[in-house]
1. With 26, 50 as the choices, which residue is over 16 Å from the mean Cα position of the chain (by Cα) and at pLDDT 95 or above?
2. Identify, from the list 31, 64, the residue that is part of a helix (DSSP H, G or I), surrounded by fewer than 12 Cβ atoms within 10 Å (Cβ to Cβ) and at pLDDT 95 or above.
3. Mind listing whichever residues of region 1-27 are farther than 20 Å from residue 67 by Cα and part of a helix (DSSP H, G or I)?
4. When only residues in region 41-55 that are aliphatic (A, V, I, L, M) and assigned to a helix (DSSP H, G or I) count, which is least open to solvent (accessible area, probe 1.4 Å)?
5. With the checklist (1) of a type outside the set (Val, Ile, Thr); (2) over 19 Å from the mean Cα position of the chain (by Cα); (3) surrounded by 14 or more Cβ atoms within 10 Å (Cβ to Cβ) in hand, flag the one item residue 58 doesn't pass.
6. Could you count how many residues in region 1-28 are aromatic (Phe, Trp, Tyr) and surrounded by 15 or more Cβ atoms within 10 Å (Cβ to Cβ)?
Amino acid sequence: RILGAPHEDVVAYFSRPFPAIITGLTLVIGLVHFKYDATVMIEDYAHGTTRKALIAGAAGLSYLLIATGLFSLIKLAL
């Protein structure tokens, strides 16, 4: 609903608690789901030390994106 709206409208929309909470939960759940699916894919196709490094990288990327997204959402909402 808010895609393409002016900046002021987006800030007003995410200043309300319900849209901000739903967006935050969607972000966290989606990226945790990405982490688990990426881990399964890596386990299927990589072996040895490469597997461990790729799994750690996928988990690190996922948590980095969660932190960045939540920080941005909080900054926008407040």
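The values are calculated or read from the model by the stated rules, or taken from the named source; none is laboratory data. These numbers were taken from a predicted model, which means no experiment stands behind them. Positions of Cβ are generated from backbone atoms using ideal geometry, with glycine treated the same way; all protein chains shown enter the neighbour counts. Areas reflect the complete protein model, heavy atoms only, side chains present, ligands, DNA and RNA absent. Shrake-Rupley method; radii C 1.70, N 1.55, O 1.52, S 1.80 Å.
1. Details: 26 fails: over 16 Å from the mean Cα position of the chain (by Cα).
Residue meeting the stated conditions: 50.
2. After applying the criteria, what remains is 64.
3. 7, 8, 9, 10, 12, 13
4. 42
5. Only one criterion in (1) of a type outside the set (Val, Ile, Thr); (2) over 19 Å from the mean Cα position of the chain (by Cα); (3) surrounded by 14 or more Cβ atoms within 10 Å (Cβ to Cβ) is unmet by residue 58, namely (2).
6. Of the residues in region 1-28, the ones aromatic (Phe, Trp, Tyr) are 13-14, 18.
Subset that is surrounded by 15 or more Cβ atoms within 10 Å (Cβ to Cβ): 13-14.
Number satisfying all stated conditions: 2.
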